[in-house]
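One structure below.
Rule-based calculations on the coordinates, nothing more; no lab input. It should be emphasised that the depicted structure is a prediction, and the values quoted were computed from it without experimental measurement. A quick note on method: Cβ atoms are made from the backbone with ideal geometry, for glycine too, and the neighbour counts reach across all protein chains shown.
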Amino acid sequence: MRVRAGVRGVGPAAALTCLVAFALVGCGSEQGSGGATPTVTISPTTTPTPTSSAPATPSATGTIPGGPDPSDPVPLPTVSKGTTVTLTGIPERGVEASCLLLDKYLLIGGDRALLGSGAKVTVTGHTEPDLMSFCQQGIYLVVDTVTKVG
């Protein structure tokens, strides 16, 4: 019988020893460079020029003169109204759940119960090309009036 001394079981034991050694090395404390933590400074490339020599000071109500009205949570845009449009028909649902279309116009505002009722209506409104909507379809028509036909 021939026995090879020292060879038996060395492969699995060596693999296990290496695995444990690598695991322990990964558990060691993290050694940094020993230097200070780097800081980042951002500075403007241009110097802003003040529009007024007097600083804006809050009034007795806590608002800045000439600023937005605090009683209006979302001020309306000050763009001029677009083309006035009058449409008659039955509004249809758009690709998004709350979007309603009549012909190629996306109806913004108006009596949603009447517009979504499936009844034939006459809608008068004005186009607003600068509006943005999650509906992403149609020409935006801000509804001024809605009346049921018949």
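For this structure, a couple of remarks:
- Close pairs (9 angstrom Cβ cut-off, 6 or more residues apart or separate chains): free of Cβ contacts under 8 Å to residues at least 60 places away in the same chain in the stretch 92-114, of a type in the set (A, V, I, L, M, F, W, C) and exposed (fewer than 12 other Cβ atoms within 10 Å of the Cβ) anywhere: Glu96/Phe134; Ser98/Phe134; Cys99/Phe134
- Listed by first and then second residue, the pairs linking a residue in the stretch 137-150 that is over 12 Å from Leu87 (Cβ atoms) to a residue that is outside any strand (DSSP E or B) and aliphatic (A, V, I, L, M), with Cβ atoms under 9 Å apart and 6 or more places separating them unless they lie on different chains, are Gln137/Val95; Tyr140/Leu131; Tyr140/Met132; Val142/Leu131; Lys148/Leu114; Lys148/Ala119; Gly150/Ala119.
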